[in-house]
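Values quoted throughout were computed directly from the atomic coordinates according to the rules given, and no laboratory measurement underlies them. Please read these numbers as outputs of a predicted model, since none were measured by experiment. Heads up, the Cβs are rebuilt from the backbone with ideal geometry, glycines too, and the neighbour counts pull from every protein chain shown.
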Amino acid sequence: MIVCVCNRLNEQRIGAAICGGADCADDVYARCGVRKNCGRCQETIEGLLEQNRGALAQAAE
Ligand code: FES
């Protein structure tokens, strides 16, 4: 599913950026080689980052 329409970023590319160590939406854009345009996707990207943090915290328990 396309998350960022402006940059045609799908969940897989964003997930790869997060797994690569991105810790904020701006870092996700940078790691994908794009820049934030309209910003409508930012909330969704932050949600994916939060899910990842939750999964990592759970794995550390
Ligand atoms: S939808 Fe991602 S910057 Fe516009």
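Tell me, Val3, Val28, Val34 in order of fewest to most beta-carbon neighbours within 10 Å? Walk me through the intermediate numbers first.
Values: Val3 21, Val28 28, Val34 15.
Lowest to highest Cβ neighbour count: Val34, Val3, Val28.
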Evaluated at 20 °C and 1.002 mPa s, the Stokes-Einstein D of the chain based on the Kirkwood radius over Cα pairs, in µm²/s, stands at 186
Roughly speaking, what is the stretch gain from Arg35 to Arg53, that is 0.36 nm per residue apart minus the C-alpha to C-alpha distance, in nm to one decimal? 4.2 nm
If each of Asp23 and Arg8 carries a label point 7 Å out from its Cα toward its Cβ, how far apart are those two points in nm? 3.2
Please list the non-local residues whose amide H lies under 5 Å from the amide H of Leu9, H modeled 1.01 Å from N, same-chain partners needing a gap of 5 or more. Val3, Cys4
